[in-house]
Every structure is written in structure tokens, then in C-alpha cells.
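What follows draws every value from the coordinates through simple rules; no lab data is involved. Quick caveat, the model's predicted, so the values are computed rather than measured. All Cβ positions, even for glycine, are placed from backbone atoms using ideal geometry, and neighbour counts span all protein chains on display.
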Amino acid sequence: MRILYAALCGFALDLLLGDPAWLTPVHPVVLMGRAITALEKLLRALFPKTDRGEEAAGALMALLMSAGTFILCKLIVKLLNGLYPPLSFALEVIWCWQALAVRDLKVEAMRVQKALETEGLEAARKAVSRIVGRDTEALDEKGVARAAVETVAENFSDGVIAPLAYMLLGGAPLALVYKAINTMDSMVGYKNARYLHFGRVPAKLDDAANYLPSRLAALLLIAAARLTGEDAASAWRIWRRDRRKHASPNSAQCEAAMAGALGLRLCGPASYFGVKHDKPWIGDRRREIVPGDISRACRLEYTGALLGLAVLGMVRFLGCIL
């Protein structure tokens, strides 16, 4: 039951506080990012500068980051539990809180909507650049709004349901292992000249870690659409039709459900680091996207998060008492 209590407390803290700026220097993802940067530099120096050498270096980094995160976190929890159990539990709660991004995902997305409605296109481009990886300089108002809605959908899995599922399965240490894998993918999982081989294993590991959570997240969005008055039938239909329209086996899952629920067409061609990628469209364009669709996406995200907590929490509770 300790894992369930820690997850519930961490979820509540995330809803109330998000990620305060004063905690940023010691946020686990920030520390993981520094570790990944240092490991990349070290391993690139140690392994041959060949395709196979780079792939081996990336594979070793994936092993060290995932196994090292779990072992270190478990040792810290065990040590503190031996010294003073309440302190150990408090640390687990804090880690659960920091593994989630329910509030911050909404806050950042709503900044984009506010900018579109009151501050102008340049401010909106700047706001959306904080939460997307694509080039934003040439986006029009519809492109900015679409990018924000897509980010809410995709990060609903990566930032909410996946870490929640792993923390309820194995506690805060396992949730942080997931965050380490996800952070590696975001830093080195690019199919460009620098990371095509080095980032191959971290990217595949991220695909595996997100395979089930992304599908659960999509189903939760469909259920959330029913509860919030959005088009759940269309969300189900578009999810089944378009969930594989992405190079990643996971990324289109939530985007398809979101597109169907809101009656929008998402994704499509986008530019990354100056290179245009002709990604397929997801969903049907039953109408044009408007800034208010961002708040509708956030409402689906919050409702889906609460549903996810209820469903996964009940599974954990039943596992404890049976």
C-alpha cells in the first residue's frame, strides 16, 4: 500500500504545485540530462567512431542510465527507510510528484492559447517553442494551435499515464527509470547524422517502454471524451484508423484519439532543424482548428489523468489485498 499512498500524494502535489522553478536545479530530469550529456561524451571517446561502435556506445548508455537510476534510487530509499521511515516515504512522494507533468502540461499549453488570443502570433510562436521540438518560426496561427494540441496529446502519455503506470507498478524508482529512458530518447533519439547509430538503442528502449502506456492513454482519452461531452465515437473511430500513421509505434496513439475527439486534423508536414518532414495527417478536418481547442485538449488531459489514476490505482489496490 505504500506505493499507492506515495503515488496518490505525488499526484495531488503535481495538481496543486506543478514543477516549481526553485526545484528545477535538483529536478530528476535535469540531473538525468546532465548525466546523459556526460555519458555521451565519455562513451563516444571510449568506443570506435564507426557505426557499430556508436551503436554499442549508445546501448551501454541506455543500460547504465536505466539500471543505474533504479539501483541508485532503491539504495537511497532503503537507506533512508533504515534511518527514518517517514523521511524515506516523503522522498518517494517527491519523486512521484516530479515524475508527473499533469499541471505543467496544461499551464504551458494555456500560455500558447493566451498568446494567440491576446498577445499576437510572434508571442504565440515563442510560447509554443517551449513545448515542441519542431521549428516554429514559420507557423501561422492554426499551425501554432495545432502544435499545442498535438503536444498535449502526445505528452499525455509520456508525461502523465506512462510515469503513473510505472510508479504504481514499481514505485518511484521505476517511475524515474521510465523518465531516464524518456529523457534519453528526447536527447539522443534523433535520426540525424549525429545520433542515427548512437541513439538507436535508447530510441528502441523508449518505444518498448511506451508501447502499453501509449495505448492505455489513448483509451483513457476516448473515455474522457465521453465524460466531457466531446465526440467519443469519433475518437474511437479515428484512433482505430489512424493510430499507426507515424514512424514511431506509439506517437500517433493519443494524437489520433485527440483528433477524433475534437473533430480536427492533426500532424501533417512539419519542419525539424530546418528539414521538412512530410508526416501524414491524422484525423478528419471536420472544421478548422481555433485557439479554444487548446483548452478543450487540456480538459481531456485532466479528465483522462484522473481516470488513469482511478483505474491504475484500483489495480494496485486490488493487487495489495488479493
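Values for this structure:
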| quantity | calculated |
| --- | --- |
| Point-charge dipole on Cβ atoms (K/R +1, D/E -1) for the chain, about Cα centre, debye to 20 | 560 |
| Chain lengthening between LEU63 and LYS245 when straightened (0.36 nm per residue, less Cα-Cα) | 62.6 nm |
| Kirkwood Rh in Å, taken over all unlike Cα pairs in the chain | 20.3 |
| Residue of GLY18, GLY143, GLY82 that the Gaussian network model of the chain assigns the largest fluctuation, springs spanning Cα pairs under 10 Å | GLY82 |
| Selected from VAL93, VAL290, VAL30 as most flexible by GNM, with the chain as the system and alpha-carbon contacts under 10 Å | VAL30 |
| Ranked PHE317, PHE11, criterion: other C-beta atoms within 10 Å, fewest first | PHE317, PHE11 |
| Label-point gap, in nm, between PHE70 and ALA90 - each point 7 angstrom along Cα→Cβ | 2.9 |
| Theoretical FRET efficiency, 1/(1+(r/R0)^6), r = Cβ-Cβ of LEU31 and ALA208, R0 22 Å, to 0.05 | 0.40 |
| Filter on LYS78/LYS204; LYS49/LYS78; LYS126/LYS204; LYS204/LYS279 - keep pairs with C-alpha separation over 29 Å | LYS78/LYS204; LYS49/LYS78; LYS126/LYS204 |
| The chain: most fluctuating residue of SER66, SER214, SER88 per GNM, C-alpha cutoff 10 Å | SER88 |
